[in-house]
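Worksheet: the structure to be examined is printed underneath.
The values are calculated or read from the model by the stated rules, or taken from the named source; none is laboratory data. Since the structure is predicted, the reported quantities are computational estimates derived from the model, not experimental observations. All Cβ positions, glycine included, derive from the backbone under ideal geometry; neighbour counts span all protein chains shown.
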Amino acid sequence: MKCALIQFNPKVGDLAANGEKILSLALKANAAGARLAVTSELALVGYPPRDLLLYPSFVAAARSKALELAQKLKDLDLTLILGTVGENGTGRGRTLANLAMVIEGGAIRDVYAKRLLPTYDVFDEARYFEPGRAPLVIEVAGQKLALTICEDIWNDEAFWTRPLYSLDPLADHPPFDLLVNLSASPFSVGKQQLRESMLAALTMKTKAQALYVNQVGANDELIFDGRSVWVDSAGQVLARAKAFEEDLVVLDLAKPNSPLLADNLDAEEETWGALCLGVKDYCEKNGLRTVVIGLSGGIDSALTAAIAVGALGADKVHGLIMPSPYSSDHSVKDAEELAKNLGLAQTTHIPIHPIMTGFDTALAPLFKDLAPDLAEENIQARIRGSLLMAVSNKFGHLLLTTGNKSEISVGYCTIYGDMCGALAVIGDLYKTEVFRLAQWLNREKIVIPENTLLKPPSAELRPDQKDQDSLPPYAELDRILKSLLEDRASPERTAKTADPQVVRQVATLVRRSEFKRRQAAPVLKITGQAFGVGWRMPITCRSVFMVD
């Protein structure tokens with residue numbers, strides 16, 4: 001039997017466009033001889049649809065679109081397994097279910113409801129869906145297919161040290177020849193190796209082949225990398241769809257390919273591909289064609305600009321250089337060199353000294369006899385933020401913020417200043433990772449100026465300022481932050497491998513900066529614990545785990 005993996009990039013809520021794309025790919029698959037075609041999870045509505053699911057009219061429209069799709073495929077010898085949403089049909093619990101809909105002969109032949117609903121990290125499926133209660137095995141061309149949806153296959157007690165659920169949908173499953181999984185698994189660095197190892201373990205355990213179809217594309221802060229796979233019963237990956245691109249893979253279960261090599265993208269290649277896709281889709285899906293970035297001559301704005309060019313092209317990226325009296329000559333030159341290397345559409349200089357003078361004059365009566373401090377420093381950042389927002393408003397450019405995970409987590413950023421913008425491109429990259437990705441980008445030719453990579457990081461808001469005046473060295477800071485944020489270790493446990501006083505300082509900064517992080521732009525997620533929607537720490541709290 002020939003099968004097709006339909007890996008495409010849906011737009012959340014756009015039932016018409018998604019339906020047409022699925023129809024087009026299903027027709028193409030059938031023309032190539034496919035008897036079975038499988039989409040990703042919730043492909044018709046796009047993942048994650050979030051509170052669109054609370055509108056009954058949207059759910060009804062999704063069902064109508066599925067029926068319309070069935071009618072358009074009725075004359076084909078094709079079974080389509082469609083990811084969509086629908087009524088749970090039990091009369092109890094939540095109204096909706098996350099469905100794999102079996103479409104055949106112009107009708108909905110059967111439906112399978114997802115049984116394991118994740119509520120960790122960025123997931124909140126129990127808010128919307130009632131879990132399914134039974135397995136489903138269907139027969140297509142003499143093959144018995146077990147239908148599953150994403151999380152349903154992530155709970156094998158033989159693979160995981162501690163399964164997250166008491167139920168394993170495959171533990172007592174009726175016999176089957178082919179495991180079919182519709183997935184919308186968000187990207188994080190290194191996750192594909194985990195997926196393929198897990199699928200290999202499942203196929204060897206069940207003695208069945210597996211078709212795993214993953215969504216591709218970015219929706220808000222979530223990035224989906226695709227890389228759908230066909231795995232044989234010996235745990236060998238025989239086919240793999242493209243990474244970060246749409247793909248239609250047609251395969252013949254009766255004619256196994258030679259096993260593929262392991263997915264060979266390194267961490268930097270994965271990160272670059274994911275962030276470029278995140279920016280590209282955020283702009284295209286929101287009807288935005290151009291972006292603007294404040295260029296300081298520093299590493300963060302340089303990398304953000306490079307990613308924007310990789311995503312959109314240099315003709316769509318505009319830079320603003322806004323020197324103050326404290327900006328070094330080399331920083332301005334570094335920003336100009338970067339713009340030249342990238343070939344930016346336009347780079348504009350707006351010195352902010354005259355505006356700073358205006359603020360000083362206006363505040364002089366109130367600030368009389370008080371020494372300049374953080375207040376004056378933050379005014380500079382807010383002047384720049386206002387200028388960037390003005391350019392964004394006037395020309396319709398999307399403003400990209402340039403803060404990294406290290407700075408955002410400890411509040412080393414200015415609210416309504418450098419935090420202004422609609423998307424935090426590198427907000428899930430620690431500072432040390434920013435440097436690594438920039439060095440990777442320069443591996444063949446100089447894109448980011450060498451001086452930007454070599455000079456000590458500085459906000460340049462006062463004479464001779466360095467980031468290390470306020471923060472631990474970034475290598476030390478990032479190790480502590482990974483322990484506190486990703487390992488969920490207490491300061492006490494973290495202090496076993498770091499300076500206790502520094503750990504206490506960092507933990508305090510993280511806790512006190514939560515109000516600021518809540519107001520940050522959406523952060524493109526590339527790690528297992530993104531410092532974005534998956535971080536739900538209370539602003540008002542006292543705890544030994546986040547100390548004062």
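Computed values, structure above
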quantity: Odd one out for Ile149, checked against (1) surrounded by fewer than 21 Cβ atoms within 10 Å (Cβ to Cβ); (2) in contact (Cβ under 8 Å) with a residue 60 or more places away in the chain; calculated: (1)
quantity: Every residue from the stretch 321-367 that is in contact (Cβ under 8 Å) with a residue 40 or more places away in the chain and either within 14 Å of Leu461 (Cβ to Cβ) or not assigned by TED's automatic domain parsing to the domain that holds Lys455 (or both); calculated: Met322, Ser324, Tyr326, Ser327, Ser328, Ser331
quantity: Index of the failed condition, Gly421 passing every other in (1) out of contact with any strand residue (DSSP E or B) (no Cβ under 9 Å at 6 or more places or on another chain); (2) buried (at least 20 other Cβ atoms within 10 Å of the Cβ); calculated: (1)
quantity: Restricting the stretch 109-128 to residues that are farther than 15 Å from Ala146 by Cα and among the β-branched types (Val, Ile, Thr), the residue that is nearest to the chain's Cα centre (by Cα); calculated: Val122
quantity: Meets criteria (of a type in the set (Ser, Thr, Tyr), touching a residue at least 60 places away in the same chain (Cβ under 8 Å) and in contact with a Ser or Thr (Cβ under 6 Å, 6 or more places away or on another chain)) for Thr452; calculated: no
quantity: Set Ala210, Ala201: member being under 24 Å from Cys3 (Cα atoms), outside the structural domain of Val425 (by TED's automatic domain parsing) and part of a helix (DSSP H, G or I); calculated: Ala201
quantity: Odd one out for Gly105 among (1) under 23 Å from the mean Cα position of the chain (by Cα); (2) of a type outside the set (A, V, I, L, M); (3) modelled with pLDDT of 95 or more; (4) surrounded by fewer than 20 Cβ atoms within 10 Å (Cβ to Cβ); calculated: (1)
quantity: Test result for Lys445, within 23 Å of Asp266 (Cα to Cα), buried (at least 17 other Cβ atoms within 10 Å of the Cβ) and of a type in the set (Lys, Arg); calculated: no
quantity: Output for the stretch 351-371, where each listed residue is part of a loop (DSSP other than H, G, I, E, B) and not acidic (Asp, Glu); calculated: Pro351, Ile352, Lys368, Leu370, Ala371
